[in-house]
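Okay, so here's the structure we're looking at.
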Amino acid sequence: MPKSPMMLRRLLVMLASGIFAATAFTGTGHAATGHGQHALFEQQAERLGLTTTERQSLQSRVDGYLKRTGGTQVAVNKVSLDNGKGYILLTLPGERTARDISAAAHPSFHGCAYYFFCAFQSVSFEGDVNAWSDCDVDEISFIGYGSWVNNQTPGTRAQFKDESRVTRWTDSGAPTEDNSADWNWVFFVKAC
């Protein structure tokens with residue numbers, strides 16, 4: 001039984017994620033996008049060689065993030081957060097690491113662009129990625145074990161906060177990383 005409202009919310013997020021992943025594509029995620037953008041996402045999926053089933057599965061995952069974050073879909077596998085201050089990048093079907101198909105390659109540290117703090121869904125910098133460049137307190141979408149990269153300006157220290165937003169740990173300063181981080185106690189991160 002969850003011990004707090006935050007734990008209950010996290011449990012509900014987990015259940016909703018499973019439901020979104022298991023349901024068929026309904027197009028609900030396109031409410032945040034226009035018809036022209038939908039066509040662009042279809043073109044991106046086609047260029048990537050995604051099957052109809054893979055496209056539907058990916059869009060269902062995007063829809064789940066859109067519903068939870070209120071973000072805007074900007075690519076077939078990318079959701080923009082807080083007016084561009086952050087983003088969620090989803091792994092493509094059959095791939096273990098997320099990649100930004102909508103942008104030119106930029107120097108990165110384990111796939112985390114410069115000036116960003118990146119939280120990875122899985123260990124070893126794999127799975128979906130939450131990334132922020134702002135100094136706000138941002139919510140971690142993941143539970144279980146994942147990984148993170150602080151690729152902010154050198155010396156910038158990220159703060160890891162519990163469900164009460166109390167800082168429980170601060171890293172040693174960018175650039176830093178942890179390839180096996182416990183998201184079970186981390187509910188929020190202040191990137192700088």
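Between residue 135 and residue 172, what length in nm is gained on full extension when 0.36 nm per residue of separation is reduced by their alpha carbon distance?
Gain on stretching residue 135 to residue 172: 11.7 nm.
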Query - Candidate aspartates and glutamates - alpha carbon under 17 Å from residue 190, same-chain residues fewer than 8 apart omitted - result: 82, 134, 136, 138, 139, 162, 163, 171, 177, 178, 182
**Report entry** Cβ-based net charge around residue 134, under 14 Å, with every Lys or Arg adding one and every Asp or Glu removing one
**Finding:** -2
Requested in this report: Please sort 157-168, 123-134, 74-85 by packing, taking for each peptide the average over its residues of neighbouring beta carbons within 10 angstrom, highest first.
Outcome: 123-134, 74-85, 157-168
Query raised in the report: Using 1/(1 + (r/R0)^6) with R0 = 25 angstrom and r between the beta carbons of residue 96 and residue 185, what's the FRET efficiency to the nearest 0.05?
Result: 0.50
Query raised in the report: Extension gain residue 162-residue 54, at 0.36 nm per residue separation less the Cα-Cα distance, in nm?
Result: 35.4 nm
Report summary line: Counting only residues 5 or more apart in sequence or on a different chain, those whose built amide H sits under 5 Å from that of residue 74 are 79, 80
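The numbers here are math on the coordinates, done by the rules we state, and not lab data. If you're wondering where the values come from, they're calculated on a predicted model, not measured in any experiment. Every residue, glycine among them, receives a Cβ derived from its backbone with ideal geometry; neighbour counts consider all protein chains shown.
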